[in-house]
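S.K.: What follows is a single structure, and I will ask about it in a moment.
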Amino acid sequence: MINSKIKGFGHYLPKKILTNHDMSRIVDTNDEWILSRTGISQRHIAEKDELTSDLAIKASKNALINSNLLSSDIDCIIVATTTPDQTFPSTACKIQSCLAIGNKPAFDVQAVCSGFIYSLELADALIKSKKAKNVLVVGAETLSKIVDWKDRRTCVLFGDGAGAVVISADHSSSECGILSTNLFSDGSWHDSLYADGGPSLDQKVGKIRMKGKDIFKQAVTKLSESTLLSLKKSKKTVNQIDWYIPHQANLRIINGSAKKLGISENKVIKTVNLHANTSAASIPLALSSCVLEGKIKKNNLIALCAIGGGLTWGSCILKI
Ligand code: UT7
């Protein structure tokens, strides 16, 4: 039996921080509104010349060091991102070149905020089908570059960052690593959360547009339903979960989905306060920071779940 075990964790956040007070100097907003509606206090913002690949490479280096593996051990690179440096080539290819990983497959996954969960399922399948032994999975975003800085309904919500994991084939008989995943999409919601530009549409990048209330209602239900399905698939119960890490978009969604699942508040990881919504980076950022801080420990059972534009959503049950 092969387990897909997470061997290394790493993350990186740009140095520059914008607080809610800073945001109130950019658009007509205030700390009280942002904090009470979203739970966000601050967000990290990349410099103009700081690209998604720069954040991804720093997080990947940290994950590689933490895994005690060499670049040459990596068999595949998967990067979840909605904000690649360019339309092409992929951000994954830039990581491959910079870290001298060799001529191994490298590609990006576009599933917006669910991209990291989608990538975990792909990595798990590659490992369990013996096509790869060590897969680097990264979630990296510079959303600040595609928010409309004149739209207070969206610009206060997003931040930049990257998280990475190295997932390795493990042949031990004890249960560990990715126990189950579930992925979903419903494209009928494609115009509820989207960028209003693109290479084929208007040859521009576009800005983020969102029908916030519609997404909010979908999020609470879909996150909890998907988590229950993954729990069932891995033959685990809600009570066995040590840590619940939902996509960090809004504290009310995080708490609402935890309540629906019956998970007590002290088991819920909340980083949205400091990171804001970093889309595909939100879960690996939260996971890596909590593991490296020592909050999440060996043998802990973790439920991850995310929802984003598409709509796409999914979940993963994981033993560290
Ligand atoms: O990552 C993908 C998943 N995305 C999400 O999960 C986001 C889901 N949605 C949400 O988190 C929430 O819907 C928001 C945080 C985006 C908005 O919260 P809301 O409680 O749904 O607020 P609203 O959009 O209904 O706006 C309420 C009021 C409006 O004023 P009026 O029309 O009632 O006078 C807005 O104009 O709040 C106003 N408003 C603001 N006021 C101050 C909207 N944005 C701001 C702001 N500062 N930044």
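The values are calculated or read from the model by the stated rules, or taken from the named source; none is laboratory data. Keep in mind that what you see is a predicted model, and the values were worked out from it rather than measured. Using ideal geometry, Cβ is built from the backbone for each residue, glycine included, and neighbour counts are taken over all protein chains shown. Note: accessible area is taken over every heavy atom of the protein model, side chains too, but ligands, DNA and RNA are not part of it. Shrake-Rupley method; radii C 1.70, N 1.55, O 1.52, S 1.80 Å.
S.K.: Largest first, what is the accessible-area ranking of Leu274, Leu70, Leu64 with a 1.4 Å probe? Before the final figure, lay out each step's value.
M.R.: On the way: Leu274 90, Leu70 115, Leu64 15 Å².
Largest to smallest exposure gives the sequence Leu70, Leu274, Leu64.
S.K.: Pairs Lys213/Lys297; Lys211/Lys260; Lys204/Lys270; Lys233/Lys267: which are spaced more than 26 Å apart, C-alpha to C-alpha?
M.R.: Too far apart for the 26 Å limit: Lys213/Lys297; Lys204/Lys270.
S.K.: Over region 95-190, what percent of the accessible surface lies on carbon and sulfur atoms, probe 1.4 Å? Could the numbers behind the result be given before it?
M.R.: Numbers: 2040 of 3830 Å².
With neighbouring chains kept in place, the figure for region 95-190 is 53 percent.
S.K.: Loop only by DSSP, 12 or fewer other Cβ within 10 Å of the Cβ. Give me the trypsin sites (Lys or Arg not before Pro) in region 113-195 that pass, ordered by residue number.
M.R.: In loop regions of region 113-195 (DSSP not H, G, I, E or B), the sparsely surrounded trypsin sites (Lys or Arg not before Pro) are Lys130, Lys131, Lys150.
S.K.: Explain nothing, just compute: Karplus ³J(HN,Hα) = 6.51 cos²θ - 1.76 cosθ + 1.60, θ = phi - 60°, for every residue of region 123-136 in order, whole Hz, x for Gly and Pro.
M.R.: 4, 4, 5, 4, 5, 6, 8, 6, 7, 8, 9, 9, 10, 8
S.K.: Still on this structure: When the C-alpha atoms of region 177-319 are aligned to their principal axes, what extent does each axis show, in angstrom, from largest down?
M.R.: 49, 29, 26
S.K.: Could you work out Rg/(2.2 N^0.38 Å) for the chain, with Rg from alpha carbons only?
M.R.: Working it through for the chain, the quotient is 0.93.
S.K.: On to the next question. Which cross-chain or sequence-distant (5 or more) residues have an amide H under 5 Å from the amide H of Gln42, H modelled 1.01 Å from N in plane?
M.R.: Ala276
S.K.: While we're looking at this one, here's another question. Radius of gyration and Dmax for region 3-170's Cα atoms, expressed in Å?
M.R.: Over region 3-170's Cα set, Rg and Dmax evaluate to 17.1, 54 Å.
S.K.: Show me, for region 41-51, the HN-Hα J-couplings you get by feeding each phi into the Karplus relation (A = 6.51, B = -1.76, C = 1.60, θ = phi - 60°), rounded to Hz, glycine and proline as x.
M.R.: 10, 7, 9, 8, 10, 6, 5, 4, 9, 9, 9
S.K.: How much accessible surface area, in Å² rounded to 10, belongs to the heavy atoms of Val268 with a 1.4 Å probe?
M.R.: 10 Å²
S.K.: Still on this structure: How large is the accessible surface per residue of the chain, computed with a 1.4 Å probe and reported in Å² as a whole number?
M.R.: Here the residues of the chain average 43 Å² of exposed surface.
S.K.: Then there is this: Top mean-square fluctuation among Asn277, Asn66, Asn134, Gaussian network model of the chain, C-alpha springs under 10 Å?
M.R.: Sorting by GNM fluctuation, first place goes to Asn66.
S.K.: Could you go through region 303-315 in sequence order and give the Karplus-derived ³J(HN,Hα) for each residue, using 6.51 cos²θ - 1.76 cosθ + 1.60 with θ = phi - 60°, rounded to whole Hz, and x for Gly and Pro?
M.R.: In residue order, the calculated couplings are 10, 10, 8, 8, 9, x, x, x, 5, 10, 7, x, 8 Hz.
S.K.: Another question, if that's okay. Ordering Lys232, Lys61, Lys319, Lys270 by how much accessible area each has at a 1.4 Å probe, largest first, what is the list? Could the numbers behind the result be given before it?
M.R.: Working: Lys232 160, Lys61 95, Lys319 45, Lys270 70 Å².
Output order, biggest surface exposure first: Lys232, Lys61, Lys270, Lys319.
S.K.: By accessible area of protein heavy atoms, probe 1.4 Å, what ranking do Ser129, Ser230, Ser173 get, highest first?
M.R.: Ser173, Ser129, Ser230
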